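The values are calculated or read from the model by the stated rules, or taken from the named source; none is laboratory data. Treat the numbers as computed from the prediction; the structure is a model and nothing was measured. Here the Cβ is made from the backbone with ideal geometry for all residues, glycine too, and neighbour counts use every protein chain on show. We work out accessible area using only protein heavy atoms, side chains counted, and drop any ligands, DNA or RNA first. Shrake-Rupley method; radii C 1.70, N 1.55, O 1.52, S 1.80 Å.
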There are 2 protein chains.
Amino acid sequence: MVAEELQKSLGYQFKDEKLITEALTHRSYSKEFNNERLEYLGDAVLDLIVGEYLYNLFPKAEEGILSKLRAALVNEESFDKLAKRLNLGKYLFLSPAEENNKGREKPSILSSAFEALIGALYLESGFDKAKEIALKLLKEEYPKITPEELLKDYKTTLQEITQAHFGVVPEYRLLSATGPDHKKEFEIGVFINDREYARAKGRSKKAAQQEGARLTIEKLKKELNLK
Amino acid sequence: MVAEELQKSLGYQFKDEKLITEALTHRSYSKEFNNERLEYLGDAVLDLIVGEYLYNLFPKAEEGILSKLRAALVNEESFDKLAKRLNLGKYLFLSPAEENNKGREKPSILSSAFEALIGALYLESGFDKAKEIALKLLKEEYPKITPEELLKDYKTTLQEITQAHFGVVPEYRLLSATGPDHKKEFEIGVFINDREYARAKGRSKKAAQQEGARLTIEKLKKELNLK
């Protein structure tokens, strides 16, 4: 049986072995028979599954928020996680070159294969079964789905604000990196047009930048009288 | 019954009158109870319905082509047509201001309401029923769905080419408009950096521009050695 353990993890056994093989075949392995068409289909299946899930989970949320929440869950990073949870990389058909290129660990390849797998599930077993399986995986990976958790990308928000109001992107300057390797602390400053708006510390540069962005947004909201 | 004739045209009678009312209510009528959440849902439902339809219709088409075909069907212009086919404008709940502003004929409002209606159908009757109804409407509106028909947007293609190769957008100049109102003929010239590449005639400016764009693309393909 093709990818026996994978089918066990999914809790679904494909009747059509050719279909699951197609879902697991990367373009590098075959230009003619690969998972790109199933990926196209699975992408739309997942959009609806996640879209409906959030629609029901947040009955008071406006459309704009729901779209943002969906975008936070329906993306390469998120599907890469779900693929890794299924150990999907192990079962892929890749060219030797892509194999050597660490293709089995690449988020783009894993995310696409995950979408293709859901597309294949949809074709063979219908929407409800695909939904059941995808949601089970999603809930395991994200036990707590809240708007706060999903929307905490302050850097993106800050960039939107500064581009709209100043025509520039914010600059994150590393001010210091202290402590031993296992306990490093980074301090960054957030600058807009060379004026410093905030400082923040974090265990990683990214964490410090996020916190700096959050503080800057708060400051700008007051200064620019934004809601 | 709410929108009785509309429900007859759809071939489906809603059990939940509140749901179809929600789908027909524009934001201008009520900020709290309107069709924006259902539109968000219906948008994803339609993406999957149309996506799967094209997937089956063109079993040899690559993912890139399928995505382009879907984009040609899943858009405001297309849904506006389906909404008008259902005479949807008549049943909308709009504010008096939007009413005076010809809201019942606006493509953006009609397209959104159509998506919301499909979202409502999906919620109440499930994916298969929503699919059956949406595909019936789509096939009535587009009796012949072919890649050639759907992808014939030469103006967009030309713009992509000129921006990549010349860094500018093409200019369409009206050269003449002749004939009586009911049988007008327009002639346009296509210019890139002030050089004329083609002339074309048509019954509308848009048709003449499309034909001019097509001729220009042919010419450029030879000149620039594009495939």
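Points worth noting:
- Matching residues, the range B:165-204, being outside any strand (DSSP E or B), farther than 15 Å from B:Leu215 by Cβ and open to solvent by less than 80 Å² (accessible area, probe 1.4 Å): B:Phe166, B:Gly167, B:Val168, B:Val169, B:Gly179, B:Pro180, B:Lys184, B:Ser204
- Meets criteria (among the aliphatic types (A, V, I, L, M) and more than 26 Å from B:Asn193 (Cβ to Cβ)) for B:Leu175: no
- Screening the candidates B:Tyr91, B:Tyr55 for the property of being closer than 28 Å to A:Ile49 by Cβ and among the hydroxyl-bearing types (Ser, Thr, Tyr) yields one hit, B:Tyr55.
- Within the range B:26-55, being over 13 Å from B:Phe114 (Cα atoms), surrounded by 22 or more Cβ atoms within 10 Å (Cβ to Cβ) and among the small types (Gly, Ala, Ser) holds for one residue alone: B:Gly51.
- Neighbours by Cβ (under 8 Å, 6+ apart or cross-chain): first from the range B:17-39, under 17 Å from B:Ser125 (Cα atoms); second of a type in the set (Asp, Glu): B:Leu19/B:Glu124; B:Leu38/B:Glu22; B:Leu38/B:Glu115; B:Glu39/A:Glu63; B:Glu39/B:Glu115
- Output for the range B:30-54, where each listed residue is acidic (Asp, Glu), over 28 Å from B:Pro143 (Cα atoms) and more than 7 Å from chain A (Cβ to nearest Cβ): B:Glu32
- When A:Glu98 is tested against (1) open to solvent by less than 20 Å² (accessible area, probe 1.4 Å); (2) touching a His at 6+ places or on another chain (Cβ under 8 Å), only condition (1) is not met.
- Residues that are in the same structural domain as B:Leu24 (by TED's automatic domain parsing), of a type in the set (D, E, K, R) and open to solvent by less than 40 Å² (accessible area, probe 1.4 Å) do not occur anywhere in the range B:118-134.
- Residues within the range B:69-87 that are aliphatic (A, V, I, L, M), more than 26 Å from A:Ile65 (Cβ to Cβ) and either more than 12 Å from chain A (Cβ to nearest Cβ) or outside any helix (DSSP H, G or I) (or both), tallied: 4
- Flag for A:Lys219 being in a helix (DSSP H, G or I) and more than 25 Å from the chain's Cα centre (by Cα): yes
- Criterion violated by B:Ala23 - all others in (1) closer than 24 Å to B:Glu105 by Cα; (2) open to solvent by less than 30 Å² (accessible area, probe 1.4 Å); (3) touching a Phe, Trp or Tyr at 6+ places or on another chain (Cβ under 8 Å) satisfied: (3)
- Against the test of being basic (Lys, Arg), surrounded by fewer than 17 Cβ atoms within 10 Å (Cβ to Cβ) and closer than 19 Å to B:Ala116 by Cα, the options B:Lys60, B:Lys8 yield a single qualifying residue, B:Lys8.
- For the range B:55-68, the candidate set comprises residues that are facing another protein chain (nearest Cβ under 9 Å) and of a type in the set (A, V, I, L, M, F, W, C); within that set, the residue that is farthest from A:Ala44 (Cα to Cα) is B:Ala61.
- Take the conditions (1) part of a loop (DSSP other than H, G, I, E, B); (2) in contact (Cβ under 8 Å) with a residue 40 or more places away in the chain; A:Pro143 misses just one of them, which is (2).
- Subset tally (residues that are open to solvent by 80 Å² or more (accessible area, probe 1.4 Å) and in contact with a strand residue (DSSP E or B) (Cβ under 6 Å, 6 or more places away or on another chain)) for the range A:146-164: 0
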